[in-house]
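The values are calculated or read from the model by the stated rules, or taken from the named source; none is laboratory data. These figures come from a predicted structure and were not determined experimentally. Neighbour counts are summed over all protein chains in view; Cβ atoms, including those assigned to glycine, are modelled from backbone coordinates with ideal geometry. When the accessible area is computed, the model is the full protein with side chains, heavy atoms only, and any ligands, DNA or RNA have been set aside. Shrake-Rupley method; radii C 1.70, N 1.55, O 1.52, S 1.80 Å.
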Amino acid sequence: MTPEQSFNRWVKIALSAFFLLFTYFVIADNYMPMTTEARIQRYVVPVSARVSGQVSKVFVVNNQAVEPNQVLFALDDSDYVLAVTRSELAQGQARTEEKKANSVLVEVKAELHKSELQAKEQEREAARIARLHRQGHMSLQQLEQANTQVSLAREASAVARARRQEVEQGVAVAGIMVQQAEVALRQARIDLERTQVRAESAGRIGNLQLRQGQHATAGQPLLALISNQGWVSADLREKSLRHVTAGTPVDIVFDALPGQVFEGHVTSIDSGVREGQQAADGLLAQPVNSDRWVRDAQRLRTHIALDEEWPLLATGAKATVQLYPIDNPIFYGLAVMQARVVSLLRYLY
């Protein structure tokens, strides 16, 4: 074989290999997509005190695993103990004032009842004198005096009723003061309890920058709580997601665990990306001008859950995801091969 014939043969082999690989790439990208743009994500909760104070003790260290309701650090509670004591005293005073107002109300009601009885008695007496006056046994002066006594008794009853309304309003105000004192006491006790900062959920401590004696301001994050609940987020081209739905099985290869393949499934696909969000600022749209013949493909984020126990990997650890969107034995076998080859290559890079 001449050198020219040998060269032509290698050119044909290279072109055939190129077309075979190109065809395989197109088929794989549509029916057995894979992406290396994947990583572990977990909920990271900034932990802050809900009240202000000086840190008296730190009970955890960085990267320590914690359980729900476990105390992470404590603040100096002396001011909050005094606040609870003051609130208890204020509550006791408010209840005393309420009892005093109720006692006055009982007294006023008794006075009103007495004045009403006296008014009825005067009315009966005036009626009897009026009847005797018509019979000629009583003088007009005596009748007028009886009517005057009736008017005075009625006025006394009216004054007693007004006094009762006034005292009832005072009792209502005293009741409101008791409620306010009780609310203040509950708030003081809650603030005292909040000097013990506890974990809201199970997880691991991260970025601990807290020391004893440091002043903690309410709402200011002092450490991070990394949740044990995690998932894998994978970015794939839009075209590769045509056949992918929630529940699509996947294989996951973590960079930190070469040679191991983990099973999972797709839980959801994001419905948009930031580039597709336009602010309603009253301005006209600004189209993207590009002279590139081949533009970058848009990627969408896909969320994946593991079907087995989570490995002990750091949040943000990278992974490769192989999807199985088509129920075809040939494509399935090729996809399994792809995942296993990538898992072995992780030993090299």
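Here are a few things to note about the model shown:
- Exclusive hit being buried (at least 17 other Cβ atoms within 10 Å of the Cβ), in contact (Cβ under 8 Å) with a residue 12 or more places away in the chain and under 26 Å from Arg42 (Cα atoms), set Ala314, Ala335, Ala339: Ala339
- Summed over the stretch 1-15, residues that are modelled with pLDDT of 75 or more and open to solvent by 100 Å² or more (accessible area, probe 1.4 Å) total 6.
- Filter pass, Gln169 being free of Cβ contacts under 8 Å to residues at least 40 places away in the same chain, loosely packed, with under 13 Cβ neighbours inside 10 Å, among the polar types (S, T, N, Q) and not in a helix (DSSP H, G or I): no
- Enumeration of residues in the stretch 318-338 that are in a loop (DSSP other than H, G, I, E, B) and in contact with a Pro (Cβ under 9 Å, 6 or more places away or on another chain): Tyr324, Pro325
- Restricting the first member to the stretch 258-286 and to residues that are assigned to a loop (DSSP other than H, G, I, E, B), and the second to residues that are among the charged types (D, E, K, R) and surrounded by 10 or more Cβ atoms within 10 Å (Cβ to Cβ), the beta-carbon pairs closer than 6 Å and six or more apart or on different chains are Pro258/Arg346; Val261/Asp251; Asp270/Arg301.
- Looking only at residues of the stretch 179-220 that are open to solvent by less than 50 Å² (accessible area, probe 1.4 Å) and in a strand (DSSP E or B), we find that the one that is farthest from Ser52 (Cα to Cα) is Gly203.
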